[in-house]
Amino acid sequence: MDPRDILTKSAPYIGIAGAILFALMWPAAVAVTGDWVLGRDTLSELGGKPNAAAPIFSAACIIAGICALLFSSALYGIPRARAGAALFTLASMGLVMVGVFPIYAGTAHTVATIWFFGPVALSVIFLTPAFLRTKELRLSAIVGVGGLIVSFASLALSTYQLAEAVAVASVIALGVSMGAQLAIMRRKAIRRAMPGRHFSR
């Protein structure tokens, strides 16, 4: 089988796995360090702790970023979503760089953080019209736009540390939503392509 076909089939599930993995490793890093406080500390500070929290958080960023990068290949197949898909790909690379360059890396970490948050926000803006045109992806459009609104509201009404955490949680939710809906779309497409086949429920 062509490796590209394998990636196309597995990309939605890879995206879901990456989002869930980060969602699990984030609190794991918090539990290990014991002194990280939501709303007071940035997520990046987990990567600068002098204990096991640092490698856990860095690994979470790198693994989730690679999963998101592989997942982004599925977005290019959505009509009129190429610009948004490219931005999501760029953001995925930024997430990997956040793990490669922890907070003590200084300027390199700052650049990596902007590299992630900037493109991922823009990707939501560019992907939303394409998602709204596709019935199966409208929930992801709602999750994405809702996440942006809540993130910016948090930035305006509370600390930037809390806003960052809200933004990351929103991206996790969007990743799971997009992955699940793209997986469902693919299964429906297979059923339409093989009308004579009967699939078990």
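Among the conditions (1) under 12 Å from the mean Cα position of the chain (by Cα); (2) surrounded by fewer than 17 Cβ atoms within 10 Å (Cβ to Cβ), ALA108 misses just one, which is (1).
Could you check region 149-160 and list, in sequence order, the residues that are surrounded by fewer than 18 Cβ atoms within 10 Å (Cβ to Cβ) and either more than 22 Å from MET178 (Cα to Cα) or touching a residue at least 24 places away in the same chain (Cβ under 8 Å) (or both)? So that I can check it myself, show each step before the final result.
Taking region 149-160 first, the residues surrounded by fewer than 18 Cβ atoms within 10 Å (Cβ to Cβ) are 149-150, 152-153, 155-160.
Scanning region 149-160 gives ALA153, LEU155, ALA156, LEU157, SER158, THR159, TYR160.
Of the residues that sit in region 29-38 and are modelled with pLDDT of 90 or more and surrounded by fewer than 16 Cβ atoms within 10 Å (Cβ to Cβ), which one is farthest from GLN161 (Cα to Cα)? The qualifying residue farthest from GLN161 (Cα to Cα) is ALA31. For the criterion of being on the phi < 0 side of the Ramachandran plot, assigned to a helix (DSSP H, G or I), in contact with a Gly (Cβ under 7 Å, 6 or more places away or on another chain) and in contact (Cβ under 8 Å) with a residue 40 or more places away in the chain, ALA130 passes.
Residue-wise test of (1) touching an Asp or Glu at 6+ places or on another chain (Cβ under 9 Å); (2) over 27 Å from LEU90 (Cβ atoms); (3) without any contact (Cβ under 8 Å) to a residue 40 or more places away in the chain.
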residue	(1), (2), (3)
ALA11	no, no, no
ALA17	no, no, no
GLY39	no, yes, no
THR42	yes, no, no
ILE56	no, no, yes
ILE63	no, no, no
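Does ARG191 qualify as being within 22 Å of CYS67 (Cβ to Cβ) and modelled with pLDDT under 90?
Working: within 22 Å of CYS67 (Cβ to Cβ): no; modelled with pLDDT under 90: yes.
It is false that ARG191 is within 22 Å of CYS67 (Cβ to Cβ) and modelled with pLDDT under 90.
Among the residues of region 67-86, the ones that are under 19 Å from ALA180 (Cα atoms) and outside any helix (DSSP H, G or I) come to 5 in all. Kindly establish whether ALA86 is among the hydrophobic types (A, V, I, L, M, F, W, C) and modelled with pLDDT of 95 or more. Considered against the rule, which asks whether it is among the hydrophobic types (A, V, I, L, M, F, W, C) and modelled with pLDDT of 95 or more, ALA86 comes out as yes. Would a scan of region 53-66 turn up a residue that is modelled with pLDDT of 95 or more, exposed (fewer than 15 other Cβ atoms within 10 Å of the Cβ) and part of a helix (DSSP H, G or I)? No, there is no match, as no residue in region 53-66 is modelled with pLDDT of 95 or more, exposed (fewer than 15 other Cβ atoms within 10 Å of the Cβ) and part of a helix (DSSP H, G or I).
Among the residues of region 102-160, those that are closer than 21 Å to ALA19 by Cα and charged (D, E, K, R) comprise GLU136, ARG138. In summary, GLY77 fulfils each of the numbered conditions (1) under 28 Å from MET185 (Cβ atoms); (2) small (Gly, Ala, Ser); (3) crowded, with 16+ Cβ neighbours inside 10 Å; (4) in contact (Cβ under 8 Å) with a residue 40 or more places away in the chain with the single exception of condition (3).
The values are calculated or read from the model by the stated rules, or taken from the named source; none is laboratory data. For clarity, every value in this text was computed on a predicted model and none was experimentally measured. Quick reminder, even Gly has a Cβ in these numbers, built from the backbone with ideal geometry, and neighbours come from all protein chains shown.
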